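Worksheet: one structure, shown below.
The values are calculated or read from the model by the stated rules, or taken from the named source; none is laboratory data. These numbers come from a predicted model, not from an experiment. Every residue, glycine as well, gets a Cβ built from its backbone with ideal geometry; the counts of neighbours run over all protein chains shown. Heads up: the accessible areas ignore ligands, DNA and RNA and are worked out on the full protein's heavy atoms, side chains in. Shrake-Rupley method; radii C 1.70, N 1.55, O 1.52, S 1.80 Å.
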Amino acid sequence: YAPYAYKWKREYNKYAKNINEFIKFSLVGVLVTIISLVLMYIFLEFLNTPLILTYILLYGSTIFLSYYLNTRYTFKAKQDRQSMLKYYGIYLFTLALGSLCIYVLRQLLPFKNWVIAFMVVPFTMFMNFILSSLIFKKNRL
């Protein structure tokens, strides 16, 4: 009976750690997303900047904050050039997917630009978590 209890406890700890990391990643994502959305709204509604350009510039600039917080807070992983390049690669990939989604939604829906930009966020956030967790789990401190 004891070996099964040990195995169960080990599995439970593994899942609890994954859930904890997901919660932390989500909190970092929410913080970075709020900053991005507020800036996006300001740029699109008050400064009348172009939608795709604004999306790309803000998305690209918030990667810095996201990388720092996720390596330090979420995954407690070391920061190195290789993981940073992979992280940026992931975000560039999801940036391209998000830009494509924005383009398609812009053609199909009559919503304001900022609403369309907001609609893409859950999709890119989910993709970023899945792919980022693969990188950081290899660079634990």
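Sort through T54, T49 and tell me the only one that's within 20 Å of V121 (Cβ to Cβ), more than 21 Å from the chain's Cα centre (by Cα) and modelled with pLDDT of 90 or more.
Working: T54 fails: more than 21 Å from the chain's Cα centre (by Cα).
From the options T54, T49, the qualifying one is T49.
Would you pick out the residues in the range 55-90 that are open to solvent by 70 Å² or more (accessible area, probe 1.4 Å) and more than 25 Å from A117 (Cα to Cα)?
The answer is R72, Y73, K76, K78, Q79, R81, Q82, M84, L85.
Evaluate the range 30-47: report whether one residue or more is without any contact (Cβ under 8 Å) to a residue 12 or more places away in the chain, outside any helix (DSSP H, G or I) and open to solvent by 70 Å² or more (accessible area, probe 1.4 Å). Don't jump to the end; show me each part of the working.
Pass one, the range 30-47, residues without any contact (Cβ under 8 Å) to a residue 12 or more places away in the chain: 30, 34, 38, 42, 46-47.
In the following step, the residues that additionally are outside any helix (DSSP H, G or I) were identified as 47.
Filter once more, keeping what is open to solvent by 70 Å² or more (accessible area, probe 1.4 Å): 47.
Within the range 30-47, one or more residues are without any contact (Cβ under 8 Å) to a residue 12 or more places away in the chain, outside any helix (DSSP H, G or I) and open to solvent by 70 Å² or more (accessible area, probe 1.4 Å).
Here are some residues: F111, F93. Which one is closer than 19 Å to G29 by Cβ, of a type in the set (A, V, I, L, M, F, W, C), open to solvent by 50 Å² or more (accessible area, probe 1.4 Å) and at pLDDT 90 or above?
Details: F111 fails: closer than 19 Å to G29 by Cβ.
Criteria check complete, one pass: F93.
For the range 91-141, which residues satisfy the criterion of being outside any helix (DSSP H, G or I) and within 17 Å of the chain's Cα centre (by Cα)? I'd like the intermediate steps shown before the answer.
First, the residues of the range 91-141 that are outside any helix (DSSP H, G or I): 109-112, 137-141.
Residue satisfying the conditions is K137 alone.
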